[in-house]
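The structure appears below as structure tokens.
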Amino acid sequence: MVIAGGGTAGWMTAAALARVLGPRLTITLVESSEIGIVGVGEATIPAIREFNKLVKLDEDEFLRQTQGTFKLAIEFVNWWEKGHSYMHTFGPVGRDLAYIPFHHYWLREQATAGSLWDYSFNWRAAKEARFARVEQISNTPLAGLTWAFHFDASLYAAYLSRFAQKMGMRRIDAKIAGVLQAPDGDVRALKLEDGRELAADFFIDCTGFRGVLIEQALKTGYEDWSRWLPCDRAMAVPSARTSPLLPYTRSTALEAGWQWRIPLQHRTGNGHVYCSAHTSDERARELLLANLDSEPLAEPRPIRFTTGRRKLLWNRNVVCMGLASGFLEPLESTSIHLIQVTIQRLILLFPHHGDCETRRAEFNRAAASEYEYIRDFIILHYYANNRVGEPFWDACRNMSIPESLAHKIELFRETAGIFCTNDDLFRLSSWLQVLWGQGVRPRGTHPFVEAVAPQDRAGYLRDLRGLFAQATQQLPDHADFIARHCKAQ
Ligand SMILES: Cc1cc2nc3c(=O)[nH]c(=O)nc-3n(C[C@H](O)[C@H](O)[C@H](O)COP(=O)(O)OP(=O)(O)OC[C@H]3O[C@@H](n4cnc5c(N)ncnc54)[C@H](O)[C@@H]3O)c2cc1C
């Protein structure tokens, strides 16, 4: 087996396969240090902890090696309206009661029950820049903090590379100059620039936006989603570290896109994602630099992309991962997660012998559904805005959205309910926070909340607020926690 490309996608795949298969399969990874990696992708979601467990990465060591910090949430500033902000925090909000989701009780008592986010332990900790690995609030049934990470993308790929090579992965530093196909169309070998041929019976394309095997050779095709996710450019720039060290990503909506800010141990990562039909590169650069919290450490670096996904993530004897498989938006930090689930799917449906038709079909069906689900969630942020009079935001608000998302929004308006399955990446609390944060309001609450007496409902909410507030005060400062446990050298 050959992995083409050694960015985050290539090395995550290599590390996972090396861990799962050990020396049973010879895997070679070819990457070009001359081409390099995209070098962005520094914010994650909590599911990455499952990946770390799979490959047996020690969390503190991983953070030390990648200048990493903890992430509890994403703050959305000016998304609904200028001057308004909310958070999409990880983990639950409140605690369900008698089979009815928590937020129905909160909605019923809204006049006196404070903000929805008062019931999120993650929100309280994030706002006060506190962190500790608390799995459960002691002496209560309440969940503790739910966390992901921020890290330096270049250090992450390099760290995984060392890790995978230690486990026996073979690495070749060379440019792929051509893809050789068998008469039936399958890929037979990669032709390297130095003349060598790298033959295999299965290939994983992790060559980033280029899609050297999946697109340049196999012409798989791309489903373009820019009618819903119109941003097509980004400009990234690092800036100095700021204090306090915040345990969350900030996303600030600008006139034709948005800007991210990712706090790391040694610097802050920033980038402006924008729509070239509504603004110029010069204006995007100017806004990016004007909105930095600290001095820039380099010149802004431009990146171009088209949102969407490859029509097939497994075509013939090639599976694609990472940017070779498509790109939604960095808005909800889902790309690295998509790499992770594609690796898991590949392991489950591994092409170990014979005809792969059925497993290939299942692989592609599941991948398409995962991509579409995340797409809808991201579109919601753009669509449900109230930035009236700004051409980019007016266009987003007036676009025709996918039927699946329209249904979800209408169901929330009508029933205040959010319906997810166990396989869905974003669950009730994620949809709730973004729907509410983006100004979508239900017309009522679930009638069964009336089964709990008004004074008991109010008491329940008051007790929860008290417990979350108390637990937050016991958490250490995020920067102190890092200094004690996982400070980079
Ligand atoms: C603006 C932006 C912001 C992002 N932010 C986030 C985020 O916050 N969170 C998140 O989860 N994701 C984010 N992503 C996505 C994330 O960056 C990628 O999913 C991740 O870095 C994986 O990239 P990759 O490995 O697929 O591609 P790359 O990093 O581009 O790696 C491609 C590899 O292929 C090799 N290669 C290419 N062509 C050849 C060739 N001809 N011969 C030999 N080797 C070759 C390159 O050398 C390189 O090793 C962001 C992406 C963008 C564009």
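See the values below:
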item: Probe 1.4 Å, protein heavy atoms only - accessible area per residue of region 71-136 in square angstrom; result: 39 Å²
item: Share antiparallel - DSSP beta bridges, the chain, percent rounded to 5; result: 75 percent
item: Karplus 3J(HN,Hα) series, Hz, for region 213-226 with 6.51 cos²θ - 1.76 cosθ + 1.60 (x for Gly, Pro); result: 8, 5, 10, 4, 8, 8, 6, 5, x, 9, 8, 8, 10, 6
item: Carbon/sulfur fraction of accessible area - the chain, other protein chains in place, 1.4 Å, %; result: 50 percent
item: Theoretical gain in end-to-end length, Asn386 to Thr358 [0.36 nm per residue, Cα-Cα removed]; result: 5.5 nm
item: Between region 36-60 and region 315-392, the Cα center-to-center distance that results, in Å; result: 17 Å
item: Sparse-neighbour loop sites [chymotrypsin sites (Phe, Trp or Tyr not before Pro); region 389-489; at most 14 other C-beta within 10 Å; DSSP]; result: Phe419
item: Calculated log₁₀ intensity ratio I(q)/I(0) where the Debye formula runs over C-alpha points of the chain, q = 0.06, 0.08, 0.13 Å⁻¹; result: -0.28, -0.51, -1.31
item: Low-density loop cleavage sites - GluC sites (Glu not before Pro) in region 148-221, where at most 12 other Cβ are within 10 Å (DSSP); result: Glu193
item: Estimated inter-spin distance, Asp293 and Arg133, nm [label 7 Å along Cα→Cβ]; result: 2.5 nm
item: Prolate/oblate/rounded call for region 69-148, Cα gyration tensor, a/c under 1.5 rounded; result: oblate
item: Gained length - His84 relative to Ala469, 0.36 nm times residue gap less alpha-carbon distance; result: 136.3 nm
item: Backbone HN-Hα couplings from phi across region 376-386 [Karplus 6.51/-1.76/1.60, Hz, Gly and Pro as x]; result: 4, 4, 6, 4, 3, 4, 7, 5, 7, 10, 10
item: Loop GluC sites (Glu not before Pro), region 1-89 (other Cβ atoms within 10 Å of the site Cβ: 11 or fewer; DSSP); result: Glu34
item: Dimensionless Rg/Rh of region 122-258 - Kirkwood Rh, Rg from C-alpha atoms; result: 1.10
item: Under 5 Å, built H, 5+ apart or other chain: amide partners of Gly326; result: Arg310
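The values are calculated or read from the model by the stated rules, or taken from the named source; none is laboratory data. What you see is a predicted model; the values in this text were computed from it and never measured. Don't worry about glycine lacking a Cβ; one is built from the backbone with ideal geometry, like all the others, and counts go over all protein chains shown. Side chains included, ligands, DNA and RNA excluded: accessible areas come from the protein's heavy atoms. Shrake-Rupley method; radii C 1.70, N 1.55, O 1.52, S 1.80 Å.
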